[in-house]
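Colleague: First the structure, which I've put down as structure tokens, then a few questions once you've had a look.
Values quoted throughout were computed directly from the atomic coordinates according to the rules given, and no laboratory measurement underlies them. These numbers were taken from a predicted model, which means no experiment stands behind them. Reconstructed Cβ throughout: ideal geometry from the backbone, glycine too, with neighbour counts over all protein chains shown.
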Amino acid sequence: MSALAVTRLELRRLFVRPLAWVLGALTLAWLAWNFTLMLGSFLAAQIRLAALPEGPGYTDLVAVPLLAKLAELAFLVVPLLSMSALAGERREGRLALLLGMGLKPSHIVLGKYAALLVWLLAWLALVLAMPLALAHATAIDWGKLAAAALGMALLLASLAALGLACSAVASHPAIAAAVALVLTLALMWLNLGAQMAGVDDGAINWLAMSSHLQPLLRGLVASPDVVWFVLLATVCLALAIRRVAAERERG
Amino acid sequence: MTLPQPLLKLEQASRRRAGRPAVQGLSLALERGQVLGLLGVNGAGKSTTLSMIAGALAPDGGRILLDGVDLAEHPALVRRLVGWLPERAPLWQELTVGEHLDAHGRLRGLNGAALKQARTRMVERLELGPLERRLAGVLSQGQRQRLGLACALLHQPALLVLDEPGNALDPVQVAALRGLIREQAAAGTAVILSTHVLAEVTAVCDRVAILHDGTLRHEGNLAGDDHAALERQFFAIATARAAA
């Protein structure tokens, strides 16, 4: 119950703070603009594409690329949203207050994580609504779109956990955001060198986020990819809980 | 015949902060309905002691017993039994006074009618009615303290821990605060009040404990208007090191 109380409190704070609204509005406007551009290109090439036997359709040329753009924005948006979740609370003396209410560190972290997740999934739903608005007028590859949406949901969930872990460790929200951004980019492009050298398998490719996101965006749902995201989120949340628990010891 | 156990008992509680001992071997006991004044100069260890009692900080030595139960083994006990107002009431600037009360109530496990009742009681008692829709970020220091007090008292704790609650209050607000403390004590709530204002202690406390350099230097009952005696005692302890 106390985790739920933390979630309610955090959601309320997200709802009334301008940062979440500004980020939401700007990113949705940017994505809507991209959606119209991609849709225009698709409509222009539609007749030519229809002649191809296995030609890409609306899902491949509009819906999935739009989600890929959302992923790029998420690298910046998630650290900004999560930066003050714990670092800000600690700076203002509110983390001590929450611990002084007898709340378990796991309830504090999971409550805040759930609130972040609600916001991010609502964001994803609004972006998905753009291509889905034309579902009645075009043929959507539902399987491919569902896989891409699952990939995005897993990406957002793991980025939120990473952001919270950075916020738990950092002394200042800005440091938390910077560290989360650097770690996210490092995780995403970890295997860039290996790919340029033509190495397609190996540990470095397994570690890289892009190796697990790309198949999902292509419509391939494989359990190792899903497990990778779940594992990343679990490890980050465990780290955040451990750090908050240590707050009572460290002071 | 068994003696009733104190609500709060500190047994040789110690805590290091920033590499130095902030509190050393502190032993104290507090019964229900008692008001204990915790006196000391800045850095004496008052806030560290209160943070430990509130469960926000774990002692590195000794034990803290709440209602006979070790706080280290059952940290969630403070949720029901303790109300804590830290030195600068930590508030969420973007939330209103009413939202603070609701959030604190829910975090303490209050819901539905019980939460509504507790909120109404606190709004009336601390005269927060006109401020209910105001954002915490625009409150004056005195209003912040009142809101912090309301949040600490919302769940009717058995032990109220106040860290310099009189800071930034005007004389009228100080008088109201003293009235509230007496009222809580009369209702059976144990109160610990940290301050460096001696008049605050003589006005509302039954007992006094003087901390210096993290150790308990004096503990005793306060009998009536012995302000001058307390002042002598306090200055003797606080200036002993300088004199030495």
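Colleague: Can you list which of the GluC sites (Glu not before Pro) found in the range A:35-128 are DSSP loop residues with at most 11 other C-beta atoms within 10 Å? Show your work: numbers first, answer last.
Modeller: Details: sites: A:GLU54, A:GLU72, A:GLU89, A:GLU92; in loops: A:GLU54, A:GLU92.
Qualifying residues, ordered by number: A:GLU54.
Colleague: Sum up the charges of everything whose Cβ sits under 13 Å from the Cβ of A:PHE42, counting Lys and Arg as +1 and Asp and Glu as -1, but leave A:PHE42 out.
Modeller: Taking every Cβ under 13 Å from that of A:PHE42, the sum is 0.
Colleague: Quick one: Cα centre-to-centre distance for the range A:114-162 and the range B:166-244, in angstrom?
Modeller: Cα centroid of the range A:114-162 versus Cα centroid of the range B:166-244: 59 Å apart.
Colleague: Can I ask one more? Find the percent of Cα-Cα distances in chain A that exceed 25 Å, and round it to a whole number. Before the final figure, lay out each step's value.
Modeller: Numbers: 14975 of 31375 pairs.
The share of Cα pairs beyond 25 Å in chain A comes to 48 percent.
Colleague: What's the angle, to the nearest 10 degrees (0 to 90), between helix B:97-107's Cα axis and the longest principal axis of chain B?
Modeller: Value to nearest ten degrees: 70.
Colleague: Something else about it: At 222 nm, what value in deg cm²/dmol follows for chain B if DSSP H runs of at least 4 each add -39500 (n - 2.57) and the sum is divided by all its residues, to the nearest 500? Could the numbers behind the result be given before it?
Modeller: Numbers: 9 runs with 91 residues, N = 244.
Computed mean residue ellipticity for chain B: -11000 deg cm²/dmol.
Colleague: Can you tell me which lysines have their Cα less than 24 Å from the Cα of A:LYS69? Leave out same-chain residues fewer than eight positions away.
Modeller: Within the straight-line cut-off, A:LYS69 pairs with A:LYS144.
Colleague: Turning to a different aspect of this structure: Which residue, chosen from A:LEU162, A:HIS136, A:LEU81, occupies the Cα position most advanced towards the positive end of the dipole of chain A, where the dipole is computed from +1 (Lys, Arg) and -1 (Asp, Glu) charges on Cβ about the Cα centre?
Modeller: A:LEU81
Colleague: So for the range A:80-218, Kirkwood radius off the Cα pairs, Stokes-Einstein at 10 °C and 1.306 mPa s: how many µm² s⁻¹?
Modeller: On the way: Rh = 17.2 Å.
In µm²/s, the coefficient rounds to 93.
Colleague: Mind checking which lysines have their Cα closer than 19 Å to the Cα of B:LYS46? Skip sequence neighbours fewer than 8 apart in that chain.
Modeller: Leaving aside lysines fewer than 8 places away in the same chain, those within reach of B:LYS46 are B:LYS9.
Colleague: OK, next. Just grab the label-to-label distance for B:ASP170 and A:ASP201, each label 7 Å out from Cα along the Cβ direction, in nm (one decimal).
Modeller: 7.8
Colleague: Where in the range B:29-129 are there GluC sites (Glu not before Pro) that are in a DSSP coil and have at most 10 other Cβ atoms within 10 angstrom of their Cβ? All intermediate terms of the calculation are to be shown ahead of the outcome.
Modeller: Details: sites: B:GLU31, B:GLU73, B:GLU87, B:GLU94, B:GLU99, B:GLU124, B:GLU127; in loops: B:GLU31, B:GLU73, B:GLU87, B:GLU94, B:GLU127.
Taking the range B:29-129 and a limit of 10 other Cβ atoms within 10 Å, the loop GluC sites (Glu not before Pro) found are B:GLU73.
Colleague: Along Cα→Cβ, 7 Å out, is where each label goes; now give me the distance between the ones at A:LEU192 and B:GLN141 in nm to one decimal.
Modeller: Modelled inter-label distance: 5.1 nm.
Colleague: Helix B:227-238 sits at what angle to the longest principal axis of chain B, using alpha carbons and giving 0 to 90 degrees rounded to 10?
Modeller: Between helix and principal axis, roughly 70 degrees.
Colleague: Give the calculated FRET efficiency between A:ALA238 and B:THR239 to the nearest 0.05, with a Förster radius of 41 Å applied to their Cβ-Cβ distance.
Modeller: Computed FRET efficiency for A:ALA238 and B:THR239: 0.25.
Colleague: Would you calculate, for chain A, the mean residue ellipticity at 222 nm contributed by helices, counting each DSSP H stretch of 4 or more residues as -39,500 (n - 2.57) and dividing by all residues, to the nearest 500? Provide the component values of the computation, followed by the final result.
Modeller: On the way: 12 runs with 197 residues, N = 251.
Here the helix-only value at 222 nm equals -26000 deg cm²/dmol.
Colleague: Take B:ARG232 and B:GLN5, extend 7 Å from each Cα along the Cα→Cβ direction, and tell me the distance between the two endpoints in nm.
Modeller: 4.0
Colleague: Now, a different point. Please order B:VAL78, A:VAL16 by the number of other Cβ within 10 Å, starting at the fewest. The partial results should precede the final answer.
Modeller: On the way: B:VAL78 26, A:VAL16 16.
Fewest to most other Cβ atoms nearby, the residues stand as A:VAL16, B:VAL78.
Colleague: Arranged by the count of other C-beta atoms within 10 angstrom, fewest first, what order do B:ASP67, A:ASP225, A:ASP201 take? The partial results should precede the final answer.
Modeller: On the way: B:ASP67 17, A:ASP225 20, A:ASP201 9.
With the sparsest Cβ surroundings first, the list reads A:ASP201, B:ASP67, A:ASP225.
Colleague: Helices from chain A with mean Kyte-Doolittle at least -1.0 and a Cα length along the axis of 27 Å or more, per DSSP H: which? Don't jump to the answer; show the numbers that get you there.
Modeller: Values: long enough: A:18-50 (45 Å, 1.34); A:105-132 (40 Å, 1.70); A:142-169 (40 Å, 1.76); A:223-250 (39 Å, 0.80).
Qualifying helices, which must be both long enough and hydrophobic enough, are A:18-50, A:105-132, A:142-169, A:223-250.
Colleague: Using a cut-off of 15 Å between alpha-carbon atoms, which aspartates and glutamates can reach A:LYS104, once sequence neighbours fewer than 8 places away in the same chain are excluded?
Modeller: Once the sequence-local aspartates and glutamates are set aside, what remains near A:LYS104 is A:GLU247, A:GLU249, B:GLU73.
Colleague: Suppose we keep just the alpha-carbon trace of chain B; what are its Rg and Dmax in angstrom?
Modeller: Cα-based Rg and Dmax for chain B come out at 17.9, 59 Å.
Colleague: Rank the residues A:CYS166, B:CYS205 as a footprinting-exposure proxy: fewest other Cβ atoms within 10 Å of their Cβ go first.
Modeller: Working: A:CYS166 29, B:CYS205 24.
Starting with the residue having the fewest Cβ neighbours, the order is B:CYS205, A:CYS166.
Colleague: Please compute, over every Cα-Cα pair in the protein assembly as shown, the percentage with a separation greater than 29 angstrom. Walk me through the numbers before you get to the answer.
Modeller: Numbers: 70714 of 122265 pairs.
Within the protein assembly as shown, distances greater than 29 Å cover 58 percent of Cα pairs.
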